[in-house]
1. Return the residue satisfying two criteria in turn: it lies in region 202-237 and is more than 16 Å from residue 105 (Cβ to Cβ) and touching a Lys or Arg at 6+ places or on another chain (Cβ under 8 Å), and of such residues it is surrounded by the most Cβ atoms within 10 Å (Cβ to Cβ).
2. Looking for something within 15 Å of the ligand (Cβ to nearest atom), of a type in the set (Asp, Glu), out of contact with any Leu (no Cβ under 7 Å at 6 or more places or on another chain) and in contact (Cβ under 8 Å) with a residue 40 or more places away in the chain - is there at least one such residue anywhere in region 193-215?
3. Restricting to region 126-137, count the residues that are surrounded by fewer than 21 Cβ atoms within 10 Å (Cβ to Cβ), hydrophobic (A, V, I, L, M, F, W, C) and under 28 Å from residue 87 (Cβ atoms).
4. Please go through region 64-92 and pick out each residue that is without any contact (Cβ under 8 Å) to a residue 60 or more places away in the chain and either within 13 Å of the ligand (Cβ to nearest atom) or touching a Lys or Arg at 6+ places or on another chain (Cβ under 6 Å) (or both).
5. Would you confirm whether or not region 120-131 contains a residue that is touching a helix residue (DSSP H, G or I) at 6+ places or on another chain (Cβ under 8 Å), of a type in the set (D, E, K, R) and either away from the ligand (no atom under 16 Å from the Cβ) or part of a loop (DSSP other than H, G, I, E, B) (or both)?
6. Is one or more of the residues making up region 160-181 within 16 Å of the ligand (Cβ to nearest atom), out of contact with any strand residue (DSSP E or B) (no Cβ under 6 Å at 6 or more places or on another chain) and free of Cβ contacts under 8 Å to residues at least 12 places away in the same chain?
7. Looking only at region 102-120, how many residues end up being more than 14 Å from the chain's Cα centre (by Cα) and buried (at least 20 other Cβ atoms within 10 Å of the Cβ)?
Amino acid sequence: MDLNQQRKYLDAMGIQTWVRRNMPAQELVNEALEPAVTHAPAVPVTTPVTPPEEKPTGAGSTNIALPDWNLLRQQVSNCTACELHKTRTQPVFGVGDQNADWLIIGEAPGAEEDQQGEPFIGEAGQLLNAMLKAIGLERKQVYITNILKCHPGNNRHPRPEEIAQCASFLQSQIALIQPKIILAVGRIAAHSLLKTETPIGKLRGQVYQYGEHAIPLVVTYHPAYLKRAPHEKRKAWNDLKLAAKTYKESLSLSAK
Ligand code: SF4
């Protein structure tokens with residue numbers, strides 16, 4: 001990606017790029033792209049994490065063995081497995097390239113997503129788009145979905161029983177997409193996918209392996225949180241760089 005373009009996207013994320021007078025071009029790149037402070041390791045650490053071994057429990061679990069996009073979408077549309085179906089305007093299934101290498105998984109649809117039927121729109125969605133662009137990805141090149149397909153009222157966090165009921169839909173989406181990397185966005189997504197309650201600040205900066213196919217998984221902050229805590233954006237940028245590096249490494253490994 002062109003340097004100026006990358007700086008533009010970092011600016012869009014709200015990450016300042018410091019430029020010393022007369023700084024040579026390559027130094028400028030390094031300065032812009034390297035974190036000031038980070039606990040992310042220089043070399044990604046692969047940490048095996050519990051795969052989702054339990055059987056799917058959601059209402060859409062009847063066809064898990066051979067998922068099909070149309071059937072799955074229909075199952076989500078008709079799902080009444082948890083209380084959220086009573087208050088949703090519509091389920092928010094997911095959006096993007098169904099053959100994407102990158103799968104972005106957030107928490108649950110917000111009020112705006114509930115109205116429009118698309119995940120990650122509004123200000124948080126714009127920031128996610130900028131984050132993706134900073135690593136050279138357009139929104140349409142990735143697949144974006146959430147742990148929960150229906151909006152929890154009053155923007156509350158999903159409850160464990162709701163996550164359990166909805167899990168089969170996400171597992172089917174992962175099976176269909178077969179992504180090369182998963183970006184878990186926010187605490188709820190990270191905890192749900194990694195089956196842990198470790199604080200997100202301690203989960204980020206490492207590469208995990210998800211599921212039976214050991215899909216690399218990187219954790220980062222939710223853009224809605226980053227809007228409230230802009231000082232954390234540089235850490236999110238480190239996470240994105242880790243994810244991009246891991247993705248490139250997985251491509252070169254599979255090319256061998
Ligand atoms: Fe069904 Fe998931 Fe919606 Fe609950 S949140 S009603 S399990 S689709």
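The values are calculated or read from the model by the stated rules, or taken from the named source; none is laboratory data. What you see is a predicted model; the values in this text were computed from it and never measured. Cβ sites come from the backbone with ideal geometry, for glycine too, and all protein chains shown count toward neighbours.
1. 226
2. No: region 193-215 contains no residue that is within 15 Å of the ligand (Cβ to nearest atom), of a type in the set (Asp, Glu), out of contact with any Leu (no Cβ under 7 Å at 6 or more places or on another chain) and in contact (Cβ under 8 Å) with a residue 40 or more places away in the chain.
3. 0
4. 73, 74, 77, 78, 80, 86, 90, 91, 92
5. yes
6. Within region 160-181 (the criterion being within 16 Å of the ligand (Cβ to nearest atom), out of contact with any strand residue (DSSP E or B) (no Cβ under 6 Å at 6 or more places or on another chain) and free of Cβ contacts under 8 Å to residues at least 12 places away in the same chain), the answer is yes, since at least one residue qualifies.
7. Residues meeting the conditions: 3.
To keep it simple, each residue is scored yes or no on (1) in contact with a His (Cβ under 8 Å, 6 or more places away or on another chain); (2) under 21 Å from residue 82 (Cβ atoms); (3) of a type in the set (Ser, Thr, Tyr).
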{"site": "123", "(1), (2), (3)": "no, no, no"}
{"site": "139", "(1), (2), (3)": "no, no, no"}
{"site": "142", "(1), (2), (3)": "no, no, no"}
{"site": "145", "(1), (2), (3)": "no, yes, yes"}
{"site": "150", "(1), (2), (3)": "yes, yes, no"}
{"site": "191", "(1), (2), (3)": "no, yes, no"}
